[in-house]
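Worksheet: the structure to be examined is printed underneath.
Nothing in this text is a laboratory measurement; each read-out follows from the coordinates by a stated rule. Because the structure is a prediction, the values reported are computed rather than measured.
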Amino acid sequence: MRTTRLLSRSGPVLAAAAALPIGLAGPSPAASGISVSTNGSTVSVVTSACTQINGSWGNASLLTGSQANFAEGRQAALTGTTVSQSAAWSNVTPGTYTVVVVCSNGGTAGSQSVIVSSAKAPNPSQAPQGAATPAPQRGVAGGEGGTVHDYGPLTLGIGATLLGGGVIATAWYLRRRSKPRRL
């Protein structure tokens, strides 16, 4: 009897917890199929999402904050192989940029923000032995912790399942502790 009451009361909670991973397991809207990096004043992008059509892999565009669409940015053609395609821009002035990659089939491979700093890349041959590396001037780019790495639907589903299980276990434990013991 007690088990039946407990299950009937917790049924809606269990159904909601079971549906949680299904809702989160879909494709992530923040997912990006590109990887952007900087080296001094050079910005480069790498992807493996594009296929070659009529000899072209597609184009990449480097957008400043005031530019709104792909055509306004500095464009570079993607080069590479079926495994990896890339593009690069040199002599980029310091600032925050958005890199967008459009494949030759018209689909967007992804977009990602990048910060180009004014500090020059250190030259290892000029640094004296035992010299300390200077501290970064700008600190951490806040708010980008989870968007830097693309977690797939499986990882998100497992995380949601563990989170839901923890919520259910906590509710069960607190409910058990709030009832007086009968002998």
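Potential lengthening of the chain between Leu162 and Ser84 amounts to 24.6 nm, from the contour at 0.36 nm per residue minus the alpha-carbon distance.
Multiplying the residue separation of Asn69 and Ile53 by 0.36 nm and subtracting their alpha-carbon distance yields 3.5 nm.
Coupling constants for region 44-52 follow from the phi torsions by the Karplus curve (6.51 cos²θ - 1.76 cosθ + 1.60, θ = phi - 60°), and in residue order they are 10, 10, 10, 8, 10, 8, 9, 10, 7 Hz; glycine and proline get x.
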